[in-house]
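Worksheet: one structure, shown below.
The values are calculated or read from the model by the stated rules, or taken from the named source; none is laboratory data. Everything numeric here is computed off the predicted structure, so don't read it as measured data. Positions of Cβ are backbone-derived with ideal geometry, glycine not excepted, and every protein chain shown enters the neighbour counts. SASA here: full protein model, heavy atoms, side chains in, ligands and nucleic acids out. Shrake-Rupley method; radii C 1.70, N 1.55, O 1.52, S 1.80 Å.
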Amino acid sequence: MAQFRVAAPRALDEVFSLLPTYGADAALVAGGTDVLIHIRAGKSSPKLLVLLSKVRDLDSTIQVTGSGVLFGALTRLSDVASHPVIRDRYAALADAAGQIGSEQIRNRGTLCGNIGNASPAADTMPPLYIYDAVVNVVGPNGRRAVPIQSFVTAPGKTSLAQGELIESIFCPCPEDGAGSAYIKLARRNGIDIATVGAAAMILGTGKVRVALGAVGPTPVRALDAEDQLGKGLDDADAFERGIDMVAAATKPITDIRASRDYRLAMVKALTREAIRVSLERRLTTGRVLP
Amino acid sequence: MMSDTIELQFTLNGLPKTIAVRSSAMLAEVLRDDLGLLGTKISCNEGECGACTVLIDGRTANSCIVLAAEVDGCEVLTIEGLAAGGELHPIQTAFIEEGAVHCGYCTPGMILSTKALLDRNHDPDSAEVRKALEGNLCRCTGYNRILKAVSRAAGKLRAPSPVAGE
Amino acid sequence: MDVVGKSVLRGDAYKKVVGTHEFAIDGRVPGMLWARLVRAPTGHGRIVSVDASEALAVPGVVSVITAADLPKPMPLYGSVVADQPLLADGTYRYHGEPVAVVLADNDEAALIGAARTRIAYEELPAVVTVADALAHDAALVHDTEGGPRSNVHKAYNYAWGDVGSAEAQCHKIFENTYTFPMIHHFALEPFSVIAWPESGGVQIKSPVQHPFLLRRVVAECLKLELSKVRVVATSIGGGFGSKGYAKYEPLAACLALQTGRPVKISTSLDEAFVTARRLSATVRMRTGFDRDGRILLQQVEADYLMGAYADAGPRITQKAAYVSCGPYRIPNLRTVARAIYSNTTPSTAARGFGMPPLNFALETQMQMAARDLGIDPVEIRLRNLVRKGEQLVPGDIPADGEWSEGLRRAADMLGWDEPLPPGTGRGISIGIKNPIPGSVSNALVKLHADNSLTVAVGTSEMGQGACTVLAQIAAEELGIPMDRITMIMGDTAAVPFDVATAGSRSTVTMGNAVQSACKDVIKQLEDMAKELGLIAADETVQIKGGMVSDGQNSLSFNDIFTRYFSKTQGEVVGRGLYKGEVVAGHPLGGLSDFWEVIFIAVKARVDPATGKVRITKMINVSDIGKAINPLHCKSQEEGGAMMGLGHALMEQMLYDEKGRLRNGSPLDYRIPTTMDIPWEMDSSLVENQDGAGPFGAKGIGESGAITAAAAIAAAVADATGVFFKDLPITSERVWAALSADKA
């Protein structure tokens, strides 16, 4: 039950002055789509909710620059999913953002919130892993940049220190000719949490990147397998060895959504599919949007 | 800046509204309990079913998991605000005509999600309609008549009107 | 006909689209106490103590009631067996069973109070599966002194012919075991009830499908006379059987009488999962065929797993097993069905009333036989379908339709003979059930001085469209426009008795009652006209479109009315009764009024890599006799079919070994969304005016949910070569079966 107070600060300084008082009993709310559901479900009971939506220093836009793209702390998932540049150059991220929850959820939920929530099944995480995203963190003592792969440390845990928050996420521009895709498998097609999610990117040079969600305590970038998969693009046997290496890099569990065995098999199936679609997108000029 | 009650100023169904509410109140609670707008339905109360869908600045949201404090300065549309001057909106008419209304519990949310869709896409194909309504559960109709209603509504809204432009 | 047979728009739709339609959850009564429940934490246990001190400290909390505060002995309720306590008394028998109730001045206080009430308990072993319940050392769900030492509540036997001697004539016998999971109704409107003391008794406002049944159950439970219990059935936000039988109403009524104040019990949608579910079942079926695919024998052992309390479970078991022959000619049959207790959510009526598990088994047997014997699945069904007028269940009414017509139409509409793309399969199946045998419906129709009409019925409106369809029947009979007809529904103090809004019966049984009440009105008007000498007493009087004529004089109903009474007073009250045929000694108490039959044809595509099933096309065809409102009929069959699609592919309640429900929430229990329904769906109605209802109508509403799963399973089997005997056919199960096949 709602046993919390709510603060709606207008500036970052106010946020930083609020947080120390409550420490771990404070929760940051960007879109609120996870925080409030968790409170409802009794999974957490913060004493203070700090709304970020009115903080003037935080941004809700998507800035496209020569070196990449910057998502603000308040950039909503539906804007990520529909942005033409994201759909074109960061297709895996657009795929993922467009499959989180429902439209109602995507209209409120933010990309940074999806990361900050640190769910092992967070859909946008595998794409951000393959784009080598950087999480820009701000706190009372200043700013720091954290590579996405070291940002999430365990289910629900991030490398954010107390009092820090995500200010933005930066994705460097993939080289020209790259193609990427995110494939999600869930128990149904509409609004559902991922049973397994797989993101892949094929670079112009024929290099492959692969990252998986919902098959370990944190998302998994299958770095060891990527070389092998790259070699395998013209060699079916080598490719299958690479796929096996991807599966070996994951640590799925059995839960009510699926068994470990099925998840392992799906890591392979979805990785194959993500690579297939990435290749298609790479080769297609004037790409067909998903 | 932080207190147990909070004063909200927002536009509700086209009219300015100022109201003091508990700061922890959800938008759905404020609409239903404080403002008596019971057309916004409470079902799952955890953002899954879409029965409590309202439009905030033209976009759909599950009002059961939006803090009322969030809509300060926003425009909120509930089902009660759709039939302007008592005349049904074409989406409402289409839902009746296609038999898309059964028990009626999902209906307000379903209609508002349809409105958001048709406001941004005048001629959605079947896949786009399904995608736009994935967060609105219905257990009565099997959705088929709802999909037909959306496409009928789109047709009505596209029909040539004497006013040029939009 | 002017009104019947037309897709008249729903009378209640306007309020529903503008948001002013009221549901019980929206209701508030001055001075009302808000009640929230504190629930049992595991499947089975002893309540050691309840600590309410923290709850009582919450501002607004008035009291925390446990079994100790209720009358002794604890009042029990139930429609078949009164075995359910108002609150768990010493022992709790399922996860989520109400143990205490917090009464408060507002809902939030009640909620916080409930969260802060602590139950100290001692766990007992829980039985959660059929195997658990039947084990020789099984814990007893109802371990009462002198009570039965088994979890089997009752067994029901049906037999005809001679299965033993038919055995030798069979060319092939298929013997399989099928399982059907626990399914939740998932009505969007949560359970909510308000009760208050009234006239020495109690009034109850609840979204209930069977107000008169509820009245009886509350009266028996609280030892009140029927006339002292007034039930007002509010418009139902989805029922599907879950709101048929008493749930929280007896407790609310008891608390209202005890406190002398109105009491509203509110629950969340999560709590609905621990309130009601469909019976799960394990079905062992042996079906013997001759070389030509004709069924020679069938043996069925169906174990229906009820929850912790009987609710409608025994009746569901008994009634479903009665039609274990499906729509087929089975000369030799032996069926035994058992209703078994378990430490799970009480099981109750659910769309299809026990038929889906049997139907899934039988139709899959048909599919296997078709494949094995090299006969087309449509053809093998045609060879076994009973013909119109032929006996189906011995002693009951014969087949009331030419069912081959619907089967062929479903196949044609699907494009049965079209070549299929790789990875795709087609399936067809037939669903059948009977309504409530020997049941009673009364209707009152009141014609007013301004030629408007009130129709009072005990039927509840739950989205099925009864308020529109029953008005259409009256409009047609009396020639009164739809907009001059007002429906009064479900208030036991205002409408005459009706047994239930269930079993797809209302159009037929209540429809007949309304029609006969209208005829009663006409008869009275005719007598009045004759008494006044307005028409010749000896002529054959013609009545059409609200006019009475004798060949010379023609008078409107209103002319007669105002001349007989006046423009300012009087009323013509028509009474209509429908009573199904009661047969002494009949296992179900009487004969079926009609057979509800549906044909579903499906194309499905299976992704071998993930096991994912997509329904690409679905056709629903119902043998409806006469559609009073074709649009309603089609959307009812579609709604049922999509519920069946959920059963087929994704729905199941999962328990752990302690009897804790693991997915009792809309976040974890999956039902179909717009993204999950068939890419293409079409519906059709077979109308031969051969039903027992008004204008030859039969009932509809449950049918799609009975057989959609079987049709989908058949299509998946066709696509993959694997027959799935356990529902739901999840992606994982398909993948596992295909991987095992490959290995």
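Just to be sure, is C:Thr344 under 19 Å from C:Val127 (Cα atoms), outside any helix (DSSP H, G or I), open to solvent by 10 Å² or more (accessible area, probe 1.4 Å) and touching a strand residue (DSSP E or B) at 6+ places or on another chain (Cβ under 8 Å)? No, not satisfied. Determine whether C:Leu407 is part of a helix (DSSP H, G or I), under 26 Å from the mean Cα position of the chain (by Cα), in the same structural domain as C:Ala641 (by TED's automatic domain parsing) and closer than 30 Å to C:Leu134 by Cα. Criteria not met by C:Leu407. Considering each residue of segment C:109-118 in turn, at least one proves to be part of a loop (DSSP other than H, G, I, E, B) and buried (at least 24 other Cβ atoms within 10 Å of the Cβ). Would you mind stating whether B:Pro124 is more than 7 Å from every other protein chain (Cβ to nearest Cβ) and at pLDDT 95 or above? Yes: the conditions hold for B:Pro124. Filtering segment A:162-177 down to residues that are open to solvent by 40 Å² or more (accessible area, probe 1.4 Å) and over 13 Å from the mean Cα position of the chain (by Cα), which residue is modelled with the highest pLDDT? Once the filter is applied, the top-ranked residue is A:Pro172.
For C:Val722, indicate whether it is away from every other protein chain (no Cβ under 14 Å), more than 24 Å from the chain's Cα centre (by Cα) and surrounded by 22 or more Cβ atoms within 10 Å (Cβ to Cβ). No; evaluated as a whole, the condition is false for this residue.
Conditions: (1) surrounded by 22 or more Cβ atoms within 10 Å (Cβ to Cβ); (2) aliphatic (A, V, I, L, M); (3) without any contact (Cβ under 8 Å) to a residue 40 or more places away in the chain; (4) more than 9 Å from every other protein chain (Cβ to nearest Cβ). A:Leu36 meets all but one. Number of the miss? All conditions are met except number (4).
Residues that are buried (at least 24 other Cβ atoms within 10 Å of the Cβ) and within 17 Å of C:Ala88 (Cα to Cα) within segment C:263-274 comprise C:Ile265, C:Val274, listed in sequence order. Scanning segment B:87-97 for residues that are open to solvent by 20 Å² or more (accessible area, probe 1.4 Å) and either within 9 Å of chain C (Cβ to nearest Cβ) or assigned to a loop (DSSP other than H, G, I, E, B) (or both) gives B:Glu87, B:Leu88, B:His89, B:Thr93, B:Ile96, B:Glu97. Looking at B:Ala116, B:Ala149, B:Ala100, B:Ala153, which one is open to solvent by less than 30 Å² (accessible area, probe 1.4 Å), closer than 22 Å to B:Leu38 by Cα and away from chain A (no Cβ under 14 Å)? Step by step, each of B:Ala116, B:Ala149, B:Ala100, B:Ala153 is checked, and only B:Ala100 is open to solvent by less than 30 Å² (accessible area, probe 1.4 Å), closer than 22 Å to B:Leu38 by Cα and away from chain A (no Cβ under 14 Å). Checking each residue in segment C:214-255 for being in contact with a Ser or Thr (Cβ under 6 Å, 6 or more places away or on another chain) and part of a helix (DSSP H, G or I) picks out C:Arg215, C:Val217, C:Glu249.
With respect to the conditions (1) of a type in the set (Phe, Trp, Tyr); (2) free of Cβ contacts under 8 Å to residues at least 24 places away in the same chain; (3) away from chain B (no Cβ under 14 Å), C:Tyr92 falls short on a single one, namely (2). Does C:Gly5 satisfy being within 14 Å of chain B (Cβ to nearest Cβ), under 30 Å from C:Gln515 (Cα atoms) and either outside any loop (DSSP other than H, G, I, E, B) or touching a residue at least 60 places away in the same chain (Cβ under 8 Å) (or both)? So C:Gly5 does not fit the description; no. Residues in segment B:102-134 that are more than 12 Å from the chain's Cα centre (by Cα) and not in a helix (DSSP H, G or I): B:His102, B:Cys103, B:Gly104, B:Tyr105, B:Asn121, B:His122, B:Asp123, B:Pro124, B:Asp125, B:Glu134. Kindly indicate whether A:Arg10 is in contact (Cβ under 8 Å) with a residue 12 or more places away in the chain, within 22 Å of C:Ile112 (Cα to Cα) and within 11 Å of chain B (Cβ to nearest Cβ). So A:Arg10 does not fit the description; no.
Applying the set (1) more than 9 Å from every other protein chain (Cβ to nearest Cβ); (2) within 18 Å of the chain's Cα centre (by Cα); (3) at pLDDT 95 or above to C:Gly693 leaves exactly one unmet item: (2).
Would you tally the residues in segment C:514-546 being of a type in the set (Val, Ile, Thr), open to solvent by 60 Å² or more (accessible area, probe 1.4 Å) and either touching a residue at least 40 places away in the same chain (Cβ under 8 Å) or under 21 Å from C:Phe695 (Cβ atoms) (or both)? Count: 1.
Restricting the search to helices (runs of 4 or more DSSP H) fully inside segment A:77-137 and requiring at least 1 residues that are within 14 Å of chain B (Cβ to nearest Cβ) and either crowded, with 24+ Cβ neighbours inside 10 Å or hydrophobic (A, V, I, L, M, F, W, C) (or both) gives A:77-82, A:91-97, A:103-108, A:111-116. Would you mind stating whether B:Glu46 is open to solvent by 40 Å² or more (accessible area, probe 1.4 Å), within 21 Å of C:Glu189 (Cβ to Cβ) and not assigned by TED's automatic domain parsing to the domain that holds B:Tyr143? So B:Glu46 does not fit the description; no. Put simply, of C:Arg36, C:Arg46 the only residue that is part of a strand (DSSP E or B), in contact with a Leu (Cβ under 6 Å, 6 or more places away or on another chain) and more than 7 Å from chain B (Cβ to nearest Cβ) is C:Arg36. Need pairs with beta-carbon distance below 8 Å; first residue within 11 Å of chain C (Cβ to nearest Cβ) and within segment A:265-277, second acidic (Asp, Glu) and part of a helix (DSSP H, G or I); sequence gap 6+ or separate chains. Hits for this filter: A:Lys268/A:Asp244. For segment A:178-219, the set of residues classified as touching an Asp or Glu at 6+ places or on another chain (Cβ under 7 Å), among the hydrophobic types (A, V, I, L, M, F, W, C) and assigned to a strand (DSSP E or B) consists of A:Ala181, A:Ile183, A:Val208, A:Val210, listed by residue number.
Counting only residues that are at the interface with another protein chain (Cβ under 7 Å from one of its Cβ atoms) and touching a residue at least 24 places away in the same chain (Cβ under 8 Å), segment B:19-39 holds 3 of them. Residues of segment C:429-452 include none that is of a type in the set (Asp, Glu) and either closer than 30 Å to C:Arg614 by Cβ or assigned by TED's automatic domain parsing to the domain that holds C:Leu591 (or both).
Only one entry of C:Ile615, C:Ile619 meets the criterion of being within 14 Å of chain B (Cβ to nearest Cβ), β-branched (Val, Ile, Thr) and over 20 Å from C:Phe723 (Cβ atoms), and that entry is C:Ile619.
Go through the residues of segment B:62-78 one by one and say whether even a single one is more than 13 Å from the chain's Cα centre (by Cα) and at the interface with chain C (Cβ under 8 Å from one of its Cβ atoms). Within segment B:62-78, none of the residues are more than 13 Å from the chain's Cα centre (by Cα) and at the interface with chain C (Cβ under 8 Å from one of its Cβ atoms). Residues that are open to solvent by less than 60 Å² (accessible area, probe 1.4 Å) and either within 14 Å of chain A (Cβ to nearest Cβ) or of a type in the set (S, T, N, Q) (or both) within segment C:555-603 comprise C:Ser556, C:Asn558, C:Thr562, C:Ser566, C:Ser592, listed in sequence order.
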